[in-house]
Amino acid sequence: MNPLLGKLQPYPFEKLRALIAGNTPPAHLRAINLQIGEPKHPTPALVKQALAAGLDGLASYPLTAGTPELRQAIAGWLERRYGIPRPDPEKQVLPVNGTREALFAFAQTVLDPTRDARVVCPNPFYQIYEGAALLAGATPVYGAPQSWAGVQLVYACSPANPSGRVMRLDEWRELFSLADRHGFAIASDECYSEIYFEQAPLGALEAAHRLGRGYDRLVVFSSLSKRSNAPGMRSGFVAGDAALIKQFLLYRTYHGSAMSLAVQAASVAAWNDEAHVRENRRLYAEKFRTVLPMVRAPLRTEMPEGGFYLWVRTPIDDAEFARRLHAQYNVLVLPGSFLARSVRGVNPGANHVRLALVAPLDECVEATRRIMEFAASL
Ligand SMILES: Cc1ncc(COP(=O)(O)O)c(C=O)c1O
């Protein structure tokens, strides 16, 4: 057995299941789940129709590189969305089966474990970054490292899960200059880029373009899961450094991660349409506008810049908060400490819970009402 498997941490949702295992929540309150970031708005009809119309594609093996139509649709979307020159669809763009598998596989492609590789992740973070590093034989580093020696890959997440924070141009400038100095690759996870409330979040390719830098050592990861409410379609892309993407394509050919032609056809329709994405944003904005003013002391939160999470400060230990909230009010939220690792004795997710505002508006409102009643009783 691969001994590295033993290094993997339990997933946050497994920890949550164990935390609430002894609870018997009141039966008269219907269960409301805000713990998982699974989009729940309907998948747009145009995407479903394109999928159905593409079903003949099931009769063929797809190429790992994807169809020219899909790569062109993605390149065109990147150009329109970020105001960058259209990336070369042949060399700078590659479809992937959702960002999760791609974020994982990218580490297996770029890391050289014979040289004591280190991988920098944000903290709190999406746990796939850590697992990808560990299974590639590397050591994860949580948050900004004290030394960049041995760092081969940096994961960035903007808008961030869970805080919704968007990286600024200055932060990109600094990260690019570190990458150029120390030779590491940057994997920019932008799967929440299309859920925002005021300003469209800055993307890493856009930042590189604005800084006149080019895409050396930079690859961005984007997805239809959140943008187009199609998490079950498993469709996304990577774009950026042509040399990295060439090696990634080679890895993926062996890994066997080509996208079904039917899903590729549906993805073309999704990337070419923005009306459904605007409507999706409107639905999230309505929820945030309604729920945010309900959150008061002793809890504390603010409007995220992007994404669909509320990152809420709790007056007591976050795991205890989540456990008792579930036991007394039948509402599930994710303890922030499950999304982070302690560094020098401090867990930056502690005393926070993450609320995914994915349920319909009335459920989000009802959950927030119960959460405030519980918080007032503390
Ligand atoms: C930060 C982050 N990255 C990536 C993903 C994976 O999304 P997908 O594989 O559906 O594109 C998620 C899913 O929740 C996420 O929260």
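Charged side chains reduced to their Cβ positions (Lys and Arg at +1, Asp and Glu at -1) give the chain a dipole of some 500 debye around its Cα centre.
For the stretch 209-216, what does the Karplus curve 6.51 cos²θ - 1.76 cosθ + 1.60, with θ = phi - 60°, yield as ³J(HN,Hα) per residue in whole Hz, taken in order and with x for Gly and Pro? After applying 6.51 cos²θ - 1.76 cosθ + 1.60, I find 5, 4, 8, x, 9, x, 10, 3 Hz.
Antiparallel DSSP bridges in the chain: what percent, to the nearest 5?
Values: 19 of 37 bridges.
Beta bridges within the chain, antiparallel portion: roughly 50 percent.
Mean-square fluctuations from a GNM of the chain, with a 10 angstrom spring cutoff on Cα atoms, peak among ALA75, ALA258, ALA149 at ALA149.
Divide the volume of the convex hull of the Cα atoms of the chain by its number of residues and quote the answer in cubic angstrom per residue. The partial results should precede the final answer.
On the way: hull volume 57.5 nm³, N = 378.
Expressed per residue, the convex hull around the Cα atoms of the chain is 152 Å³.
Near VAL219, once Lys and Arg are set to +1 and Asp and Glu to -1 for all other residues with Cβ below 11 Å from its Cβ, the sum equals -3.
In whole angstrom, note down how far apart the Cα centers of the stretch 1-78 and the stretch 140-199 are. Here the two parts' Cα centres lie 23 Å apart.
Note on GLU373 and ASP170: the model spin-label points, each 7 Å out from Cα along the C-beta direction, lie 4.6 nm apart. Available extension along the chain between ASP317 and LEU361 is 13.1 nm, counting 0.36 nm per residue and deducting the alpha carbon span. Cβ crowding within 10 Å ranks ARG168, ARG354 as ARG168, ARG354, fewest other Cβ atoms first. Annotation: extensible slack from ALA327 through GLU274 equals 14.9 nm (criterion: 0.36 nm per residue apart, minus Cα-Cα distance).
Under a 10 Å cutoff between Cα atoms, tell me which one of ASP241, ASP189, ASP56 has the largest fluctuation in the Gaussian network model of the chain. For the chain, modelled as a Gaussian network with Cα springs under 10 Å, the answer is ASP56.
Identify the GluC sites (Glu not before Pro) of the stretch 181-267 meeting these criteria: DSSP loop state and at most 11 other C-beta atoms within 10 Å of the C-beta. Can you show the working numbers first?
Values: sites: GLU190, GLU194, GLU198, GLU206; in loops: GLU190, GLU194, GLU198.
Here the GluC sites (Glu not before Pro) that fit, given the DSSP loop and packing criteria, are GLU198.
How would LYS287, LYS48 line up from fewest to most surrounding beta-carbon atoms within 10 angstrom? In order of increasing Cβ crowding within 10 Å: LYS48, LYS287. Out of SER257, SER228, SER60, any idea which swings most in a Gaussian network model of the chain, alpha carbons joined below 10 Å? Maximum fluctuation in the GNM of the chain, among the listed residues, is at SER60. So what's the back-of-envelope 222 nm ellipticity for the chain, counting only DSSP H runs of four-plus at -39500 (n - 2.57) apiece and dividing by all residues, rounded to 500? Result for the chain: -12000 deg cm²/dmol, rounded to the nearest 500.
If you average 1/r across every pair of different Cα atoms in the stretch 138-210 and take the reciprocal, what Kirkwood value do you get, in Å? Write out the running numbers ahead of the final one.
On the way: mean 1/r = 0.0761 Å⁻¹.
So the Kirkwood estimate lands at 13.1 Å.
Out of all Cα-Cα pairs in the stretch 81-145, roughly what percent, to the nearest whole number, are more than 16 Å apart? Please list the in-between numbers first.
Details: 1146 of 2080 pairs.
Value for the stretch 81-145: 55 percent of Cα pairs lie more than 16 Å apart.
With both residues required to sit in the stretch 136-256, DSSP beta bridges show an antiparallel share near 35%.
Return HIS41, HIS276, HIS326 ranked ascending by Cβ neighbour count within 10 Å, so the fewest neighbours appear first. Numbers along the way, then the final one.
Numbers: HIS41 16, HIS276 20, HIS326 23.
The fewest-first ordering by Cβ neighbours comes to HIS41, HIS276, HIS326.
For the stretch 250-378, the spread of Cα positions along the three principal axes, ordered from largest to smallest, is 54, 38, 26 Å. Couplings 3J(HN,Hα) of the stretch 340-357, computed from phi: 9, 10, 6, 10, 6, x, 10, 9, x, x, 4, 6, 9, 10, 9, 10, 8, 8 Hz, in residue order, whole Hz [Karplus 6.51 cos²θ - 1.76 cosθ + 1.60, θ = phi - 60°; x for Gly and Pro].
Where a number appears in this text, it was derived from the coordinates with a stated rule and is not lab data. On a predicted model such as this, the values are computed, not experimentally measured, just so you know. Cβ sites come from the backbone with ideal geometry, for glycine too, and all protein chains shown count toward neighbours.
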